[in-house]
Amino acid sequence: MTKPKRVGIYVRISKDRKGLDLGIQRQEKACRELCGRMSWGVLKVYSDSEVSASTTSRRHRPGYTEMLRDIRDGRIDGIVVYSIDRLTRRISELTSFLEEQKKYGFAFATTEGEDTLSANGRLILTIKGAVAQQETERMSERINNSLLQRREQGKPHAGGKRQFGFQEDSRFQELDDRESTLIREGYHMLVGQASGTPGDVARYWNSQGARTPQGGDWTIQSVKRVFRSERTGGIVTYKGQDIGDSIYKSPLTRDEWEDVQTLLNSRATPAAQGSGKRKHLYSGFLRCGYCGANMRVQWATVQGRTFRRTFCHSGQPGRGGRLGCGKVSRQYQWIEERLNEVVQTALRNHIPRLEESPAEDFTGEINLLESRIQNLRKRWKQGEMDDDDYFDSLAHLRINLQDLRTRETSSLIRRSRIEQDALSIWMNESPENLERRRAVAATVVEHVDVLSVGRGRRKPPEDTSIRIVLVNAAHDGPSEQPVSNSYTANNSRRSG
């Protein structure tokens, strides 16, 4: 083989903690000295700094890719590396590299003197590559075993971005007093008698001047991320599995964190009509009079004036699974006043009694499952169970526990709605009583079809612009009915 005149030197280092590229420089110096002894001309140096070549790494190596591309294009005719483990730690990648050499016929050398021209030399090189891969895999096993041991000792993962509730650079071991207090206040807002929503918590945190760890305003999703994080409940996980409790303080206890998960999970599916947490009294009752899609209610600001509006969303499924038409957008206040009159009149004429739901006590079953989980974790830590059996059993028990907690929460909500005097519940307009008022309204109103009133109208909308279907009429056979004059005569002149 003729001496190559356009040699590429490849250098790589997995970690450069000081950022000085000293390891890169030492490799390049040794490779240049080898090229000088063999009278090979150096054309270019290809470098990958802080890039692993192990089987566990998924990062792209731009220097290595560019070097192979130049080989195929004929820009270089030789490659020199410090050692084979600098080139790769994957036996499959080494085999592919040797195939590339055989195909394009470029020269290859290392400072350790590997020979790729003979069969024995390629065999020895392949063995060294296999040893390098085994060393990487054993190192990975040792690291994983060490991490698992730390998790079993109650020490959570200390890496990653700062999380709300913990002090910066504390490795999640020290709490931020102000932020952890806000988390606990948010917890009481969610699970307390007020039955707040993540949106309520976001608005409260913003009003207190709190900001996300990235410096932004709080949103529903960012609040959920805080309460969904196992760190918030002091729970240690390893590869997605619950290992135990942290030895460090956390904003919430495990039980409190699991209560929040039960609550958030129960709200993850669409709520039945007249039930579930809502911000507006008739959310879920209003339908588009043209396509039948459920209408949304939200706050809007137009020309400095803030008001509530209900509208047909073009992304909301309507009749037959078709998306909403988007034709209707109305002020919500006028519709709410009309419906309040309907419900109140119906209650005065005939006070409905809400169905009693049987009281269910899940305490014993929940305590039993929690005890079984603790015993299971104890057996696993003592080496009496295999990992696969432990995680499978743990996942099964946690699914059952989650189901029981959801049923317990639903039972409490149902029992809270059992009242004898529906009219007195209806007259209580406090925000905390919104869910009970919705339950009362559902005993009178089945749904409401809302029609468009056109643009530029200054007079109040006609009563016929909404069609109320009462519960009895819906049970006898749904019929679209305009608002009865007896319900609206007193307030027909109010603007909407």
- Task: Determine whether E446 is surrounded by 17 or more Cβ atoms within 10 Å (Cβ to Cβ) and either at pLDDT below 75 or not aliphatic (A, V, I, L, M) (or both).
- Result: yes
Per the filter on segment 25-34, residues surrounded by 19 or more Cβ atoms within 10 Å (Cβ to Cβ) and farther than 9 Å from Y82 by Cα are L34
When segment 45-85 is checked residue by residue, the ones that are at pLDDT below 85, of a type outside the set (S, T, N, Q) and outside any loop (DSSP other than H, G, I, E, B) are I84, D85
Those residues of segment 1-25 which are under 45 Å from the mean Cα position of the chain (by Cα) and modelled with pLDDT of 90 or more amount to I9, Y10, V11
- Some residue of segment 116-131 being loosely packed, with under 14 Cβ neighbours inside 10 Å, among the hydroxyl-bearing types (S, T, Y) and modelled with pLDDT of 70 or more: no
| said: For the structure I just gave you, tell me whether F164 is over 19 Å from L263 (Cα atoms), out of contact with any Phe, Trp or Tyr (no Cβ under 8 Å at 6 or more places or on another chain), outside the structural domain of D255 (by TED's automatic domain parsing) and part of a loop (DSSP other than H, G, I, E, B). | reply: yes
Selection from segment 251-288 of residues part of a loop (DSSP other than H, G, I, E, B), modelled with pLDDT of 85 or more and surrounded by fewer than 20 Cβ atoms within 10 Å (Cβ to Cβ) yields T253, H280, L281
Filtering segment 207-237 for residues that are surrounded by fewer than 21 Cβ atoms within 10 Å (Cβ to Cβ) and closer than 17 Å to D177 by Cα leaves a count of 6
Condition set over 30 Å from R377 (Cβ atoms) and aliphatic (A, V, I, L, M), scope segment 390-429, selection modelled with the highest pLDDT: answer is M427
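Residue-by-condition table, conditions (1) within 34 Å of the chain's Cα centre (by Cα); (2) modelled with pLDDT of 85 or more:
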{"position": "R308", "(1), (2)": "yes, yes"}
{"position": "G318", "(1), (2)": "yes, no"}
{"position": "G321", "(1), (2)": "yes, no"}
{"position": "C325", "(1), (2)": "yes, no"}
{"position": "I335", "(1), (2)": "no, yes"}
{"position": "R348", "(1), (2)": "no, no"}
{"position": "S357", "(1), (2)": "no, no"}
{"position": "D361", "(1), (2)": "yes, no"}
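The values are calculated or read from the model by the stated rules, or taken from the named source; none is laboratory data. A quick note: this is a predicted structure, and the numbers were derived from the prediction, not measured. Positions of Cβ are backbone-derived with ideal geometry, glycine not excepted, and every protein chain shown enters the neighbour counts.
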